[in-house]
Every structure is written in structure tokens, then in C-alpha cells.
Amino acid sequence: LISAVAVVRAEVQQDPSAETTKGIGISINCSHPNIQIIDFIIWYRQLPGRSPEFLVRGLKGSKELKEPPGQLSVAADRRSSALWLARPRRGDAAVYYCAVGD
């Protein structure tokens, strides 16, 4: 018997959907009001038919995202974050996930 247990310590809420036109920047927002001091904010994306891939993680402030070009911005109180895609292309259409963990 194999069992898996997921321990959720910080509830994460995201915008249900976001759309933009090719080349027009877009911000994807995430709320994590119960984040703890040691927790990283981690963003992934899942392209159609592919496994999720790691994009970026951060603790505070902002962090550059090289591929796709953009930036992770973490609010001063760390209760929310935003993933900014600067020049989205058609190939960047995906499901974007934010997560919190140490």
C-alpha cells in the first residue's frame, strides 16, 4: 500500500485566467496570506501536453525571470506576488502556478 500526503501550510489563491495579445506584457497575480517567514514563493508553468516546469522563486523584493522574459515581484508584506511576463509569445500560453514552500 502506497499513500501520499500533501501538507498544505499556506493557502494560495490565483486569478482564474488572464489573457493578452502577443508582445503585450501581462501580470499574473497570486495571494498567499498565510505565508510563513521561511517560505519561498515559487512559480511554475505547464505548457499543453507537458509536465510543469520551474520558472522562478523568491523570498522578497523582485527577481528577474530570463525565460520567458519578465519579473517576479513580491509585496513588502509577502502576502502576495505577481509574475510579470514582459513580452509574451504564442508559445508562452500555459497554465501558470504559484506555490509556497521552504
Self-check item: Range of Cα positions in region 19-60 per principal axis (Å), largest first
Solution: 36, 24, 14
Quiz item: Can you work out the base-10 log of I(q)/I(0) for the chain at q = 0.11, 0.20 1/Å, using the Debye formula on its C-alpha atoms alone?
Solution: -0.34, -1.02
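Using unit Cβ charges (K, R positive; D, E negative) and no other charged atoms, how large, in debye to the nearest 20, is the dipole of the chain about its Cα centre?
280 debye
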Quiz item: Going highest first, how would you order 75-81, 86-92 by mean Cβ packing within 10 Å?
Solution: 75-81, 86-92
Quiz item: What does the accessible area per residue of the chain come to in Å², with a 1.4 Å probe and no ligands, DNA or RNA counted?
Solution: 68 Å²
Exercise. Work out the charge dipole of the chain with +1 on the Cβ of Lys and Arg and -1 on the Cβ of Asp and Glu about the Cα centre, then indicate which of Pro33, Thr21, Val100 is farthest towards its positive end.
Key: Thr21
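Using a probe of 1.4 angstrom, how much of the accessible area of the chain is carbon and sulfur, in percent?
Details: 3620 of 6930 Å².
Carbon with sulfur: 52 percent of the solvent-accessible area.
The values are calculated or read from the model by the stated rules, or taken from the named source; none is laboratory data. All figures in this text were calculated on a predicted structure; none of them were measured in a lab. All Cβ positions, even for glycine, are placed from backbone atoms using ideal geometry, and neighbour counts span all protein chains on display. Just the protein is used for accessible areas: all its heavy atoms, side chains included, with ligands, DNA and RNA removed. Shrake-Rupley method; radii C 1.70, N 1.55, O 1.52, S 1.80 Å.
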